[in-house]
Amino acid sequence: MSRAPRHILRAAVAVASLMAMQASAQIIRLDPPTDGDPAPEEETTAPRIDLPSLGLTGRSGTTLTLDPERADTGPRAELLPLRKERLSGQHNAVARLTGESAQERFILFLPDAPGATELELALRSGIDTLPDRSSLRVAVNGLDLGQTRPASFDEFATARFDVPEGVLRPGPNLVEVSARHTHRIACGADASFALWTEIDLRRSGVTMASDRFALGPEGFIAAIAAQTARGAPVTFHRPDPEESMVDVAPFIARAAIALGGTPPEIVSAPYWRADGEVAQLARVTAFPPGEGPEMPRFRRGGDGSIVLLLDQSHDYDDVLGTLFPSASVMPNRGPAMLRPGAPRALSDLGVSRLQGQGRYQQLTVDFALPWDWMLLASQRARLDLDYRFAADLPEGALLLVKINGTTVRLLPLDRDGGQALPTLPITFAARLLHPGINRLEFEALIPGDPPDMACPPLDGAILEVSAGSRLFVPDAPDMVQPSIDRALASVAPRNVALSDRAAEQLPPGLVPQIAAALLVAPEETRLIDTAARLRVGILSDLDEMQTQLPRTAVRALFQAMGLGAFRSDDAPSEATPWETVSGSRGVLGRLGLTEMAALPGRARDTLVGLVRGETPPLEEWLADKDAQIALLQPDMQHPEDVWMILSPNIDPTLAATALAASRVSHDGPRGQVAVYSEGRGWASWTAPDRPLTLRDTLSPGNFRAVMGNYATTAPLPFIGTILGLTLLSAAVALAVLLLTRRRSR
């Protein structure tokens, strides 16, 4: 072959290779910054990017092509899902209604009024549920849509309810699901735990076409709800995807409050967007300072998604006020603040009705006390209870009144039923309360009659507690102790950060998600402390953490978190409701000598408690714990510093879920060490030597309460001080006596 044909062949191969490279080049798109009012709908649904094709170089050096053409995508059917109104630390994708009678409330956020449509519920019930005598009733915005029977026991089955036109509106809608379950072969409080119906929230809601997602706040938030329901995160496209994202926390928190449930997962992505990416319903594109629009704007992306365009110089708080006026005024869902010193009706704490209709019922009232409230001695609080219950309840029916899990009164329900009862004053130790969130609970236990047959249907409520019942909490001096929950209430979003080691393994989007979880608490339960910090770390951070905790305790925590996934669950089974009430039934119990037999052990525990306190050593407390998350207050001299340690086998989103739920529930972390495991929730350990600080002026009015708090916190030093003063007084008296007697001679 001559040289000329070879040159021609080589040139042809080079041209073909160049064409192949161009054909395989990754197509990327940029969301265009634009000013002014949104264009008409026919223009915003298919915007063109009037930019020439040009080459861009990615971080890896790969040449990327900017293509101005828009992918032709038509409207898709999207499910707008239900989200829990009340946060839960457990799996928020499935809601469970347990017991003979149960109710759950959900938020359904819609971008537009859909008119007449269908509400879908994906349901599954326990096998012990008797379908013919059980039902699920659904209401939307107060309108009853009817009922269905639980008939699926292996897999989720979809039940559909017709929603008339005009019932659903743009923005948040309230969906209430009420369950009435009947056991197949048993009746009573214990049988109630085997009755349940689950709702798969990812497959429950209203279906709408994607072109109904209008350009605006409601459409954007609804698109986020639909996107997160199918497991996709919210993407922030930014010039530097590795830069801190903590400033977007208020934005994400407000969206979560509007939607209900946990703050959505956040992903930080490069400024450019690959054309081959999975289609999104909503995303955010942040431009370098000075290159974005003068005011944040919504635009329709090339893939049909709603894109929020903004300049990185904008404050996200300003974005909230500008673009989300309807969402920003929505109240935070959480317990109300109870101001001590005067009786407060339960209705003032947000209670409208407390009724129980099953053989086992837990009626709860959550409320918050100020962070500087503290009474640890013998002061008494009082509940003026107005209640009534059904007539002819079986013998042995009981009502337990509890404060933070401790029973303060046990009331019979098997006599005097069906009639008006006088107000019952119930006094209890104020030390059962604590700063932050508390819970007042009414637990009803109704035995089956007979217990080995299905329960007969009940008409009306078995138990009703009046919202006019009043709770009195005495005033207290301004005293504080270090505690994790107090520190978390003080952390500002900008003071949440990943440790250096965690930053190498955890996504940067976890920071704004966790910071947003702290903001779901009501405003009045938060504190302002610019020094408070929350650092998110991994197990290896425990090795170099500066802490007052003993190294043996740190190793025990490391083992509980590192080996938790491989340790067998040999925890003892929980006692039934009747066992927790009846107690021991052995020989000593029948002879009435149970209390006497326990006296030596109580005396020993009392002596040990004076020296070490009632709390066991941390390493002993951790011995039976399996933890996925740990919260630590490593140095009580610097209580504003808190660490969150994540185990290797945890989904980082679970950390935000558990943290968000703890900000509105009394079951959250306290003390100096708290561990979390899915299915068991939070468990807390309080250091026996944590300091007590008086921030008030000591006066005759608060002297007794202050001394009582100090005596309870540190009994041995207090006893020693009193004993020393007594001996000193005796010595002075003896000296005066001796001197006087000498002079009399």
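Considering each residue of region 496-547, count those that are in contact with a strand residue (DSSP E or B) (Cβ under 8 Å, 6 or more places away or on another chain) and among the charged types (D, E, K, R), and give that number. Please lay out each step first, then the result.
So in region 496-547, the residues in contact with a strand residue (DSSP E or B) (Cβ under 8 Å, 6 or more places away or on another chain) come out as 496-499, 501-502, 505-515, 518, 522, 524-525, 532-539, 541-542, 545, 547.
Retained after the next criterion (residues that are among the charged types (D, E, K, R)): 501, 524, 533, 535, 541.
The total comes to 5.
E443 meets each of the listed conditions (1) farther than 24 Å from A521 by Cα; (2) surrounded by fewer than 15 Cβ atoms within 10 Å (Cβ to Cβ) apart from (2). Scanning region 119-152 for residues that are in contact (Cβ under 8 Å) with a residue 60 or more places away in the chain and touching an Asp or Glu at 6+ places or on another chain (Cβ under 6 Å) yields A122, R124.
One residue stands out among those in region 298-318 that are surrounded by fewer than 20 Cβ atoms within 10 Å (Cβ to Cβ) and either over 20 Å from L518 (Cβ atoms) or aliphatic (A, V, I, L, M) (or both): the one that is modelled with the lowest pLDDT, which is D318. Whenever a residue of region 420-433 is small (G, A, S), its partners that are surrounded by fewer than 14 Cβ atoms within 10 Å (Cβ to Cβ) and at pLDDT 95 or above, lying with C-beta atoms within less than 8 angstrom and at least six residues away or across chains, give the pairs A429/R380; A430/R380.
Here is a yes/no grid of residues against (1) farther than 27 Å from G301 by Cα; (2) in contact with a Gly (Cβ under 9 Å, 6 or more places away or on another chain); (3) aromatic (F, W, Y); (4) not in a strand (DSSP E or B):
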| residue | (1), (2), (3), (4) |
| --- | --- |
| L174 | yes, yes, no, no |
| A179 | yes, yes, no, no |
| A186 | yes, yes, no, yes |
| E198 | yes, yes, no, no |
| Q227 | no, no, no, yes |
| I252 | no, no, no, yes |
| P264 | no, no, no, yes |
| S268 | no, yes, no, no |
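Being among the acidic types (D, E), modelled with pLDDT of 80 or more and assigned by TED's automatic domain parsing to the domain that holds L309 narrows it down to one of E277, E265, so name that one. Only one candidate passes the filter, namely E265. Tell me yes or no: at least one residue of region 206-224 is in contact with a strand residue (DSSP E or B) (Cβ under 7 Å, 6 or more places away or on another chain), buried (at least 23 other Cβ atoms within 10 Å of the Cβ), assigned to a loop (DSSP other than H, G, I, E, B) and modelled with pLDDT under 80. No, region 206-224 contains no residue that is in contact with a strand residue (DSSP E or B) (Cβ under 7 Å, 6 or more places away or on another chain), buried (at least 23 other Cβ atoms within 10 Å of the Cβ), assigned to a loop (DSSP other than H, G, I, E, B) and modelled with pLDDT under 80. Out of A497, A487, A476, one residue alone is closer than 25 Å to G671 by Cβ and part of a strand (DSSP E or B). It is A497. Of the residues contained in region 404-412, none is found to be closer than 25 Å to R339 by Cα and either assigned by TED's automatic domain parsing to the domain that holds E524 or crowded, with 20+ Cβ neighbours inside 10 Å (or both).
In region 158-180, what count of residues is obtained for those that are surrounded by fewer than 16 Cβ atoms within 10 Å (Cβ to Cβ) and either touching a His at 6+ places or on another chain (Cβ under 7 Å) or hydrophobic (A, V, I, L, M, F, W, C) (or both)?
The initial filter retains those residues of region 158-180 that are surrounded by fewer than 16 Cβ atoms within 10 Å (Cβ to Cβ), namely 158, 160, 162, 164-166, 169, 174.
Add one more test, that the residue is either touching a His at 6+ places or on another chain (Cβ under 7 Å) or hydrophobic (A, V, I, L, M, F, W, C) (or both), and what stays is 174.
Total meeting the criteria: 1.
Would you be able to say whether some residue in region 141-150 is among the small types (G, A, S) and surrounded by fewer than 17 Cβ atoms within 10 Å (Cβ to Cβ)? Yes, region 141-150 has at least one match. Restricting attention to region 358-394, the residues that are within 21 Å of R86 (Cα to Cα), surrounded by fewer than 21 Cβ atoms within 10 Å (Cβ to Cβ) and of a type outside the set (A, V, I, L, M, F, W, C) total 3. Of the residues making up region 616-652, those that are outside any loop (DSSP other than H, G, I, E, B) and not aliphatic (A, V, I, L, M) number 6. Any idea which residue in region 229-241 is farthest from the chain's Cα centre (by Cα), counting only those that are within 16 Å of Q513 (Cα to Cα) and in a loop (DSSP other than H, G, I, E, B)? Out of the qualifying residues, it is P241.
Each row is one residue, and each column tells you yes or no for (1) surrounded by fewer than 10 Cβ atoms within 10 Å (Cβ to Cβ); (2) farther than 17 Å from L375 by Cβ; (3) touching a residue at least 60 places away in the same chain (Cβ under 8 Å).
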position: A683; (1), (2), (3): no, yes, no
position: P688; (1), (2), (3): no, yes, yes
position: R695; (1), (2), (3): yes, no, yes
position: F703; (1), (2), (3): no, no, no
position: T713; (1), (2), (3): no, no, yes
position: F718; (1), (2), (3): no, no, no
position: I722; (1), (2), (3): no, yes, no
position: L727; (1), (2), (3): no, yes, no
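Is it the case that region 347-358 has a residue that's basic (K, R), out of contact with any Leu (no Cβ under 9 Å at 6 or more places or on another chain) and under 30 Å from F193 (Cβ atoms)?
Residues of region 347-358 that are basic (K, R), as a first pass: 353.
If we keep only those that are out of contact with any Leu (no Cβ under 9 Å at 6 or more places or on another chain) too, we end up with 353.
From the residues that got through so far, the ones that are under 30 Å from F193 (Cβ atoms) too are 353.
So far as region 347-358 goes, yes, one or more of its residues are basic (K, R), out of contact with any Leu (no Cβ under 9 Å at 6 or more places or on another chain) and under 30 Å from F193 (Cβ atoms).
Given the condition in contact with a helix residue (DSSP H, G or I) (Cβ under 7 Å, 6 or more places away or on another chain), outside any helix (DSSP H, G or I), within 30 Å of L557 (Cα to Cα) and not basic (K, R), answer yes or no: does some residue in region 692-714 qualify? The answer is yes; a qualifying residue exists.
The values are calculated or read from the model by the stated rules, or taken from the named source; none is laboratory data. Here the structure is a predicted model, which is why all the values come from computation and not from measurement. Please note: Cβ atoms are built from the backbone with ideal geometry, for glycine as well, and neighbour counts cover all protein chains shown.
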